[in-house]
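Enquirer: Please find one structure pasted underneath; my questions will follow.
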Amino acid sequence: MKKIALVVSIALITLTCKEKNDHYKSISAAEITQEEHPGKALMEKNCYLCHSPTASHDSRIAPPMIAVKKHYIDESTTKEDFIKDMQEWIKNPVEANAKMPGAVRRFGVMPKAYYPEETIEQIADYIYDNDIEQPEWFEEHMNDKGKMHKGKKGKGKGKGMGKGQQHGKGKQMAVQDLAPAQRGLKYALGTKAVLGQNLMSKIQKEGTVEALAFCNEQAYPLTDSMATHFNATIKRVTDKPRNPKNQANAKELAYIETFKSQVNSKLEIEPISEDIEGKIHVYYPITTNTMCLQCHGKPEENIKPITLNKLKSLYPNDKAIGYGENEVRGMWHVTFDKSD
C-alpha cells in the first residue's frame, strides 16, 4: 500500500466569514507583530498535527514547517510566488508537483483536503515573513545535508530566515488565559495530534489493516490519557458511529448538523462553547480528507476489500462508511470546569 502522510499541510482557519468576492490583502510585518499574526495560531492549529516542531528526527511523520519554508523560498521568491505555490500544492498534491521529493519518498504525498484560499494565504503570509519554530535536531540535520550537497545552490534564504536564535518561539499564552472556546479547542487538537500521529505512523509502517487494529485497541486509552493530562472530559461523537459508544446524543446531533451546514457552505469553522452549571462544553467538527477515506469512504471505491473485511470483523454494526472528502464525520466534545 502506498504510504500516505502529509508533506505539507498548510491548513488553517481565517479571521471571519467574508464575502466570496472580497479580495485578500496581505498583512505586512510592519502592521502586525509575529505573535498577533492570525497565521501563526492557524498554522499551529492545523499543520502541527503532522509537521510538529517538537517531534524527534526518527519519530516524525512529515517534515517540520521550517523545512517546508526552506525548500519553497529562496533569494528570488516573492511572497506572491510563495502563496501561489502553496495554493497550487494544496489544491493538487501529487508527486509530480512536489518540491520536496526526499520527503515524498520517505513520508508519501499528503492527503488532499479542502481549505479556502483565504486560509492558505493567511498561513503562507505568516510563514514568509516570520521565523518558524524548528526542532532541536533540525540545524544539525541541515548542516549534514549541506555537506552532502556542497556546491549546489542553497535555498531557504527568504524573509524570516536566520533572524538570530529565537526561531519564532515567542511568548506563549497560558492555557488558562485562553477564551473557553479556544481552550477547549486546544485540548481537542492536542488529543487529535496524539491519535493522528500514532495512526499515521502505523499506516506508514504497517498499512491500513494494522492501523484499524490500533484504532480498535488504543484510541480510547489514548483519548482517556489526554483527558487526564488536560483535567477534562474528551469525547469523539458522531451521527454514524463505528463504535456504538461514540453515538451522539440529541444536543450533540444538533451541533453536528450545524457544522455540516457550515462546511457545506464553505464557511470558516469556529468552535462552539457553552457554560452549563460551572462546566464549559466545547464542540468542534471532525472532517474527512483523502486519507480518512481508506477506512471511512465508499466500499470498493475507496475501501479495499481486505480493509472492508477487517472492518466487518471488528465492527459488525459499522455505520462510519460512505463518506467523501471534506465531510463532517463527527465532532469533538470537550468538557472542563470553569473554575480550573
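Enquirer: For the residue pair Trp137 and Asp81, what label-to-label distance in nm results when each label sits 7 Å from Cα along the Cα-to-beta-carbon direction?
Expert: Output for this residue pair reads 3.1 nm.
Enquirer: Oh, and also: What's the extension gain from Lys279 to Ser313 if we count 0.36 nm per residue and subtract their Cα-Cα distance?
Expert: Taking Lys279 through Ser313 to full extension adds about 8.4 nm, to one decimal.
Enquirer: Mind jotting down the three principal axis lengths of the stretch 243-290 based on Cα atoms? Whole angstrom, largest first.
Expert: Its Cα atoms span 37, 27, 17 Å along the three principal axes.
Enquirer: Tell me which residues come under 5 Å, amide H to amide H, from Lys112 once H is placed; ignore anything under 5 positions away on its chain.
Expert: Here Thr290, Met291 satisfy the definition.
Enquirer: Between beta-carbons, use under 13 Å as the cut-off and find the net charge around Lys84, counting Lys and Arg +1, Asp and Glu -1. Spell out each step's value before the answer.
Expert: Values: positive: Lys79, Lys91, Lys99; negative: Glu80, Asp81, Asp85, Glu88, Glu117, Glu121, Asp125.
Local net charge: -4.
Enquirer: I need the peptides 282-295, 320-333 ranked by packing, meaning the mean over residues of other C-beta atoms within 10 angstrom, with the highest value on top.
Expert: Top to bottom by mean Cβ count within 10 Å: 282-295, 320-333.
Enquirer: Which links in Lys112/Lys310; Lys40/Lys70; Lys205/Lys319; Lys112/Lys298; Lys186/Lys235 stretch past 23 Å when you go from one Cα to the other?
Expert: Details: Lys112/Lys310 25 Å; Lys40/Lys70 17 Å; Lys205/Lys319 27 Å; Lys112/Lys298 16 Å; Lys186/Lys235 14 Å.
Beyond 23 Å: Lys112/Lys310; Lys205/Lys319.
Enquirer: Tell me, what HN-Hα J-couplings in whole Hz come from the Karplus equation 6.51 cos²θ - 1.76 cosθ + 1.60 at θ = phi - 60° for each residue of the stretch 242-251, using x for Gly and Pro?
Expert: 8, 9, x, 5, 8, 5, 6, 7, 4, 5
Enquirer: Could you list which residues have their amide H under 5 Å from that of Arg329, counting only those 5 or more apart in sequence or on another chain, with H placed in the peptide plane?
Expert: Close amide H contacts, sequence-distant or interchain: Ile286, Thr287, Thr288.
Enquirer: With a sphere of radius 13 Å drawn around the Cβ of Tyr115, what net charge do the other residues whose Cβ falls strictly inside it have (Lys, Arg +1; Asp, Glu -1)?
Expert: -2
Enquirer: Using all Cα-Cα distances in the stretch 204-340, what percent lands in each 5 angstrom bin from 0 up to the longest?
Expert: Pair shares across the bins are 2, 10, 17, 20, 20, 15, 10, 4, 2, 0.
Enquirer: For the stretch 235-340, what's the relative contact order in percent, using C-alpha pairs closer than 8 Å and at least 6 residues apart?
Expert: Here the relative contact order equals 39 percent.
Enquirer: So what does the Cα-only Debye profile of the stretch 170-270 read at q = 0.12, 0.15, 0.18 Å⁻¹, as log10 I(q)/I(0), no solvent term?
Expert: -0.53, -0.82, -1.10
Rule-based calculations on the coordinates, nothing more; no lab input. Everything quoted here is computed from the prediction, not taken from an experiment. Cβ: placed from backbone, ideal geometry, glycine included. Neighbour counts: every protein chain shown.
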